[in-house]
Each structure stands twice: as C-alpha cells, then as structure tokens.
There are 2 protein chains.
Amino acid sequence: MAEIAKHETTTFREVMAEIVQRITEGPWGPGTLLPGEVELAEEFGCSRTTMNRALREVSELGFLDRKRKAGTRVRMAPIRQARFEMPVVRSEIEKTGAIYGYQLLAREVLVAPDWLRGRLGLKARARVVHLLCLHFADGVAFQLEDRWINAGALPMALEQNFSTVGPNEWLVATVPFSEVEISFLAAAADAVMVAHLDHALGDPVFCVERATWWQNAAVTLVTLAHRRGYRMTTRY
Amino acid sequence: MAEIAKHETTTFREVMAEIVQRITEGPWGPGTLLPGEVELAEEFGCSRTTMNRALREVSELGFLDRKRKAGTRVRMAPIRQARFEMPVVRSEIEKTGAIYGYQLLAREVLVAPDWLRGRLGLKARARVVHLLCLHFADGVAFQLEDRWINAGALPMALEQNFSTVGPNEWLVATVPFSEVEISFLAAAADAVMVAHLDHALGDPVFCVERATWWQNAAVTLVTLAHRRGYRMTTRY
DNA sequence: CGACTCCTTATGTGTAGACATAATAAACAT
DNA sequence: ATGTTTATTATGTCTACACATAAGGAGTCG
C-alpha cells in the first residue's frame, strides 16, 4: 500500500520551499517586510529554531535581507549568484565519462619575471618553477595549464619533475592555502594555445586564472586555457 | 580599561576557525577521518548542536565530506569554488563610484528565430521582444546587453519601450523567476560589439549569458558583452 | 559465494528555552 | 533643535534532549 505522510513535523526544507514560493510567486513581493520569526513559526507550526534556519538559508540564497531589530525583508532585486565548483581537472573530465590524459610540455626554473613579481608580490630575484601542461579528455586536448610556482615558498617543487602527475594534483595534496583569487576572462589565443588547443591565432579563449597564497606568501599562479567553445555553466 | 573576554561559551565561529586551521595547517591532513561530533563537542567544550553547525559550515566551504554513519572526512582536494554575486549592472557600476548611464539602441518585436526557440524551448511562431542596450560607467561603454523577452509569457513587455529604464531592472522588479541558467564564455567581437564597445572585430569578449524560466515557461535570454579587458574576479 | 536481513552508529534535524547582540525608537538632557 | 542615554525588539546563537535517517557491517540463509 502507498504511504504518503512520512512525518508530521514541519521540516526546515519545507518551510524554505514555501517561503521561496511566497517570494517568487506569491504575496511577498520585493520590499515586503516579513512577519517576525515567532509569528511565522506559529503560522507554519514549527519551532522558532526551525524557522530561523529556514529564513537564514533562504537569505543565503539571495532572496532575503535580514537585520536585527529591523526584521526580515525581501530584497528588491534578488542577488543573482553564480556558484562554480571547480574540482581538479582530472575529476572534471572523468565525471563526463571520458578518459583523462596528461602531458608535460615544458618545465623550467628561472628568476621570476617582473610582471609575475608584481602580480604575486614576490621579492627581487625570487626563483620560480614554470610549467606548461596539457590535459586531455579521451585523447583530445581539453585544457592548457600554464603554471608558476614560487620555489621560495615551496622548495619541494624544484625536485618534482611533474612528468606523470600534474602540478595541480600535486599541489592540492601537498600544500594548504589560506587565500585564493580566481578570475574568469576572455583572452586572445597565442602561439602556444594555437599549438596545443583547437584554436586559430587570436581566437577568443576562455581562461581561468587562479592565484594562491599561504600565510601571506605566494604559492602559485596558474592560467587555465580551455578548448574551443568551452563554457562554464551553472543552473539553479 | 580593556576587556577581553566577551563571553565564556564557545561559539560555532570559533570552532569553525579552529577546524579550518587544523585542516589547512595542522594535524588534519587530506583524507583524515575526524572524531565524531559528540567527541569533538566534548573536546571543544560546546554542545553537539554547535559542533554540528560548525562542521556543516566548514563542509559547505568545501573542506569536509560528511556522510551518515561513515563520519566526517577531510577532502583529498578541497573543492575550489568560485562564487560570484551579480547585482544589476547599475549597482555594479555605482558601487565603483562611477556614474551610471543607459541607452536603448534598438527595439523590435518579432517571431522567435529558430536558434532562440531551441535554446529556450519556445513553441512555433512565438513572439519575442528583442532589445539592444548599452550601459555606461562615467560615460564610457561598459556593457552591451542583447536581450530577448518571451512575449507569450510576458505580454507586458510589448507595452514597455525601455527608453529610460533598462530591461534588467524592469524585469527583476516585475517578474519572479524559478529557474536560472548562467554561463560564462569567451566570444569573438561581432559588428555590433565593435560599434559600441572598445573592441576590434574578432577580439575576445567576455560574455555572460543568462536564461530565465518561470513555471516552466521561458521568460528571457540575455547576453552581456563586456568592455575590453573585463575580468570577473573573486577572492577569499 | 552472493543476496538478504537486521543491528549499530554517525550525522541530520526537530523542540523548548535561555541569553546575546545589534539597531531602532523613545525618552531625556543639553 | 541636537546629542545622549535607555528601553525595546527582532534576529543570532547556545544548550540539552529526542527522534529520524542513511549506510556500513555482521550475521544468516540459500
């Protein structure tokens, strides 16, 4: 036989759903001041604790603006937020069912060029490891990784040859990080990208740039250039 | 006189900070299985409720993987997540201290072209409003907005002329949404972009594309092309 | 050996109650 | 009128406790 009622208590998820619905389709238009938590809890038949959690999470979704004493108000324009989870490339590729491949194209140790020193805040004559790697999905070039590692902060990097394990995977397993800066940008394909990805010179390339610090010392800067037509998409 | 101790109870934020520290700099390396909530709560001198919240939030930061019965484990590679908050353009521009400007370039009502029908799931001969607008920061073109509005779902759009208020602001104030898809991509500058933004033909342009549905009906599709050199950046 | 059941366990979530804190509003003093 | 204190109030968070639920693991049966 079919059972419907799984429980009698009102869960915070149900409350959330109802609140979101009232905001997006119902009586709580932009700017509305909601009743207090106590009153709402009473109406929904749940405890204030539960109502508090529901409101907090809806607020984190970007719909509500909450202030002590002032109360809970529906945002005039909901904050559109795009949240991208960026696992290591290997996982990203394997998740699509494709076979992951990796190739080290170049490796050199040198004194950090000026632009890099400025970008990461390195001191003069800082030594860095520069790597160029390619990640494949089912044998097709998927992502070109241009990475700089601060050898001063991470001397171990000098001993790694990165011929079989990508620097990304090595880094996440080796060093923690305390601060990260991620940028998305459109760049023009340069000679290196043309050589390894399916691009013509000057083609628009979707790039992700990520800089990482640990305890105020720069660890690494990486630019990930993607294959032709790549989009970063999120849906909710 | 200076007071230090504000409270005696351990707050979930303090617990969070300590947990993150133990993960990033301390004994809890990648893969570590943490003690259970009860045990941790005892160690930290807080209730399990508080410990639960702390662990839940650290988990949302991408450091922990929690499963019933299996326990809480430190992720092998912390999930790098980029979270972008995208307010309406006006706010984005005004937040930088610049003066916002708006101009409607073109407005037409037509039957949805095939690619759009496919993209949004419109039915045959659906009528749409097509708009082309420009957003300025201190008089300089900042963003080119290419928007399509499904007139079937939103007949009011036919009456709006959008000469002074941008469709974005009008939409967020008028219709709710239930589903959103956001993509970031790199496109080649076309003639329209060249005419209005500081681009040469074929230049890489950073674009944001956003499609919105409400109750399973497509509402709008917009492509936002940004000025030369634009980057979307987040830091944490 | 494999498939099934049942028990155990760690997290997930709900409740009631209390105190903390921020921010507004009212009362007060200058 | 203006600046300052004080009260009020809605949200923020902690506690102790209880039950729900998912999933690993042991035991059982063919």
>> Among A:Ala77, A:Val89, A:Val15, whose Cα projects farthest towards the positive end of the dipole of chain A, with charges put on the beta-carbon of Lys, Arg (+1) and Asp, Glu (-1)?
In response: A:Ala77
> Short version: what are the Cα gyration tensor semi-axes of the protein assembly as shown, square root of 5 times each eigenvalue, largest first, in whole Å?
Replying inline: 37, 36, 22
>> Defining the label point at 7 Å along Cα→Cβ, can you sort the distances from B:Glu181 to the same site in each other copy, shortest first, in nm?
In response: 3.4
> Which angle between 0 and 90 degrees, to the nearest 10, do you get for helix A:48-60 versus the longest principal axis of chain A when only C-alpha atoms count?
Replying inline: 40 degrees
>> On the Cα set of region A:124-208, report Rg and Dmax in Å, please.
In response: 14.6, 42
>> Under the rule that an exposed site lies in a DSSP loop and has at most 14 other Cβ atoms within 10 Å, name the longest stretch of chain A with no GluC sites (Glu not before Pro) of that kind, not counting the sites themselves.
In response: A:26-236
> A:Lys69: which aspartates and glutamates have alpha carbons under 17 Å from its alpha carbon, excluding same-chain residues fewer than 8 sequence positions away?
Replying inline: A:Glu37, A:Glu39
>> Over the Cα atoms of region B:1-125, each weighted equally, I'd like the Debye log10 I(q)/I(0) at q = 0.16, 0.18 Å⁻¹, rounded to two decimals.
In response: -0.85, -0.97
>> Cα atoms only: what Rg and Dmax, in Å, come out for region A:162-236?
In response: 14.6, 40
> Relative to the longest principal Cα axis of chain B, at what angle does helix B:12-24 sit, 0 to 90 degrees, rounded to 10?
Replying inline: 90 degrees
> From the label point of A:Arg127, set 7 Å along Cα to the beta carbon, how far off in nm is each other copy's matching point, shortest first?
Replying inline: 7.3
>> Cross-link candidates for A:Lys123: which aspartates and glutamates have Cα within less than 13 Å, leaving aside residues fewer than 8 places away along the same chain?
In response: A:Asp114
> Pulled fully out, how much extra length does the chain show between A:Ala124 and A:Glu42, if you take 0.36 nm times their separation in residues and subtract their Cα-Cα distance?
Replying inline: 23.1 nm
> Per the helix-only calculation at 222 nm, which mean residue ellipticity applies to chain A, given -39500 (n - 2.57) for every DSSP H run of n ≥ 4 and division by its residues, nearest 500 deg cm²/dmol?
Replying inline: -7500 deg cm²/dmol
> When each copy gets a label point 7 Å from Cα toward the beta-carbon at A:Val111, what are the spacings between them in nm, shortest first?
Replying inline: 6.9
> Given labels modelled 7 Å from the Cα in the Cβ direction, how far is it in nm from A:Arg68 to B:Gln215?
Replying inline: 4.1 nm
> Near A:Lys95, which aspartates and glutamates are there with a Cα under 17 Å away, not counting those fewer than 8 places off in the same chain?
Replying inline: A:Glu85, A:Asp138, A:Glu169
> For chain A, what is the charge dipole size about the Cα centre, in debye to the nearest 20, if Lys and Arg each add +1 at the Cβ and Asp and Glu each add -1 at the Cβ?
Replying inline: 680 debye
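Quick note: the coordinates plus some simple rules give every number you see, no bench work behind them. Model, not experiment: these values are computed from the prediction. Ideal geometry is used to build each Cβ from the backbone, glycine not excepted, and the neighbour counts take in all protein chains shown.
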